[in-house]
Amino acid sequence: MNYQRFFEEAIDQIHAERRYRVFADLERIVGKFPRAIWRANGKAEEITVWCSNDYLGMGQHPDVVDAMQKAAGNMGTGAGGTRNISGNNHPLVELELELADLHGKEAGLVFTSGFVSNEAAISTIARLLPNCLILSDELNHASMIEGVRRSGAEKKIFRHNDVAHLESLLQAAGRERAKLIVFESVYSMDGDIAPIEAIADLAEKYNAMTYIDEVHAVGMYGPRGGGITEREGLAHRIDIIEGTLAKAFGTLGGYITGTREVIDAVRSYAPGFIFTTALPPAIAAATTASIRHLKNSQAERDAQQRQATHAKQVLADAGLPVMESPTHIVPILVGDPELCKMASDRLLGVHGLYIQPINYPTVPRGTERLRITPTPFHTDELIAELKLALVETWNALGIPYRGAGHTEVAQSDRIIPLLVPKSGG
């Protein structure tokens, strides 16, 4: 049997669907973010990154870098093993206390990634609840879907942010059955926000537990960076708040927060926690420094929100199909996987701007897009440069501006109505 043939055919299938992914060789430059060095074909070139999840640039903040360097100098680079074997390194203990405080919860638990925290926590919580029914938003992240699948529990998918549909499912299940509602606060591909208060109301009415993924909101919203639940004063009404350390906080890892009993049960039963080496002390120390800074500084959040709003307006004024988003996510619709990849390649190769294409299965077919994430360090001048590069790319590749004049678009496309310049530029 030719085993290699099966892998070749699998990759050929992805190529045929125009969704083969190529990772750029990038080297970030401390002190010059969002600039980075791009290496390709034996050459090195400085480019601008427009799609980083380091939303606030905390990955280069002097206090965060200093905390990592000091911890590595004092305690070495690794954690030495799983916590069962090596114990808790002290910076990790401090980090979990900081996270519990951030969300107003009794306890926190840190994992090696946001994917692992969702997969391990959701699957474990649902397994421990007798005859649990999971109610999951249809646009939940792959890590949440995997957690639901691995739980072995019955699941029902409710239409995205559709409170009426969710209520009908809860009503059918009855008050006595164990139920877990899993959803996100900010959905990262469209940038829309869940109706958290309405979901919390339903959870109380039908006696369900709630699990929210705040990975694209922690650090970004709320007076201390506790996410949308903090901003809206709802954190105390959500049972488990999950987040990441790898986006706004600028380091690595994922976590959950909740009651001591829930956190201890996940710690004691989740294979994804028990059998995984702990985060190194240097990463834990750097993350704690980042969280503490953002708890006390609004400057980064204010600057980021200003630049995101400004970018949306500038790009929309140029006639580009900016998808409606109330958050820091700025999606621009392309609607074709090949054109999306060509646009990304042209922006990098011709204009020195790095924006990864977002294709199926990350988003539904026909909604392929470029996902832009302005940070406090993307100046007005850089935004103007981005606009010109996108307009040139749209014209060169013949990507639609959504028609001439005032654009009429189906509601499901969620595009801001635009006035398209006659020149298309």
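The values are calculated or read from the model by the stated rules, or taken from the named source; none is laboratory data. This is a predicted model, so every value here is computed, not measured. Neighbour counts run over all protein chains shown; Cβ positions are idealised from the backbone, glycine included. Quick note on the areas: whole protein, heavy atoms, side chains included, nothing else; ligands and nucleic acids left out. Shrake-Rupley method; radii C 1.70, N 1.55, O 1.52, S 1.80 Å.
Here the Gaussian network model covers the chain, with springs between Cα atoms less than 10 Å apart; of GLU230, GLU46, GLU381, GLU381 fluctuates the most. Rounded to the nearest 20, the Cβ-based charge dipole of segment 282-326 about its Cα centre (Lys and Arg +1, Asp and Glu -1) stands at 240 debye. Build a GNM of the chain with springs between Cα atoms under 10 Å apart, and of PRO130, PRO326, PRO223 the one that fluctuates most is PRO130. Average accessible surface for segment 143-193: 43 Å² per residue, computed with a 1.4 Å probe over protein heavy atoms with every protein chain in place. For segment 23-62, the list of chymotrypsin sites (Phe, Trp or Tyr not before Pro) that fall in a loop by DSSP and count at most 11 other C-beta atoms within 10 angstrom reads PHE23.
Suppose the chain between PHE6 and ASN53 were pulled fully straight at 0.36 nm per residue; how much longer would it get relative to their current alpha carbon spacing?
Difference between extended and current length: 13.5 nm.
Rolling a 1.4 Å probe over the heavy atoms of the protein chains gives segment 18-77 an accessible area of 60 Å² per residue. Can you flag which of LYS179/LYS312; LYS43/LYS387; LYS32/LYS105; LYS70/LYS312; LYS155/LYS295 are past 30 Å Cα-Cα? Over 30 Å Cα-Cα: LYS179/LYS312; LYS32/LYS105; LYS70/LYS312; LYS155/LYS295.
Here the 3J(HN,Hα) profile of segment 36-45, calculated from phi with Karplus coefficients 6.51, -1.76 and 1.60 at θ = phi - 60°, is 8, 9, 10, 10, 7, 6, x, 10, 10, 9 Hz, Gly and Pro shown as x.
Taken about its Cα centre, the chain carries a charge dipole of roughly 380 debye when the Cβ of each Lys and Arg holds +1 and the Cβ of each Asp and Glu holds -1. Packing, taken as the mean count of other beta carbons within 10 Å per residue, orders the peptides 386-395, 74-83 from highest to lowest as 386-395, 74-83. Applying the Karplus relation 6.51 cos²θ - 1.76 cosθ + 1.60 with θ = phi - 60° to segment 16-21 yields 3J(HN,Hα) values of 4, 8, 6, 10, 6, 9 Hz, where x marks Gly and Pro. Between the listed residues LEU109, GLY76, PRO62, the Cα displaced farthest toward the positive end of the dipole of segment 60-116, a dipole computed from Cβ unit charges relative to the Cα centre, is found at GLY76.
Here the translational diffusion coefficient of segment 357-397 follows from Stokes-Einstein with Rh set to the Kirkwood radius across Cα pairs; for 20 °C and 1.002 mPa s it amounts to 180 µm²/s. Beta-bridge orientation, the chain: approximately 60 percent antiparallel, per DSSP, counting only bridges with both partners inside.
Based on Cβ point charges of +1 for Lys and Arg and -1 for Asp and Glu, what charge dipole magnitude is obtained for segment 20-77 about its Cα centre, in debye rounded to the nearest 20?
Here the size comes out at about 140 debye.
Taking only protein heavy atoms and a 1.4 Å probe, the accessible area of segment 229-318 is 54% carbon and sulfur. Residues ILE212, ILE14 ordered from highest to lowest accessible area at a 1.4 Å probe: ILE14, ILE212.
Most tightly packed first, judged by the mean number of other beta-carbon atoms within 10 Å of their residues, the peptides 289-301, 91-103 read 91-103, 289-301.
May I ask you to give the percent of accessible area on segment 106-228 that is carbon plus sulfur, with a probe radius of 1.4 Å?
Percent of accessible area from carbon and sulfur atoms in segment 106-228: 50.
Which cross-chain or sequence-distant (5 or more) residues have an amide H under 5 Å from the amide H of LEU135, H modelled 1.01 Å from N in plane? Counting only residues 5 or more places away or on other chains, the set is LYS156, LEU180, ILE181, VAL182. Helical runs assigned H by DSSP (4 residues or longer) give the chain a calculated mean residue ellipticity at 222 nm of -13000 deg cm²/dmol, each run adding -39500 (n - 2.57) before division by the residue total. Charge tally for LYS105 (other residues, Cβ to Cβ under 10 Å; Lys, Arg +1; Asp, Glu -1): -2.
Here the alpha carbons of the chain define both size measures, Rg and Dmax, at 22.2, 67 Å.
Express the accessible area of segment 251-319 per residue in Å², computed with a 1.4 Å probe while the remaining protein chains stay in the model.
On the way: 2730 Å² over 69 residues.
Roughly 40 Å² per residue, with all protein chains present.
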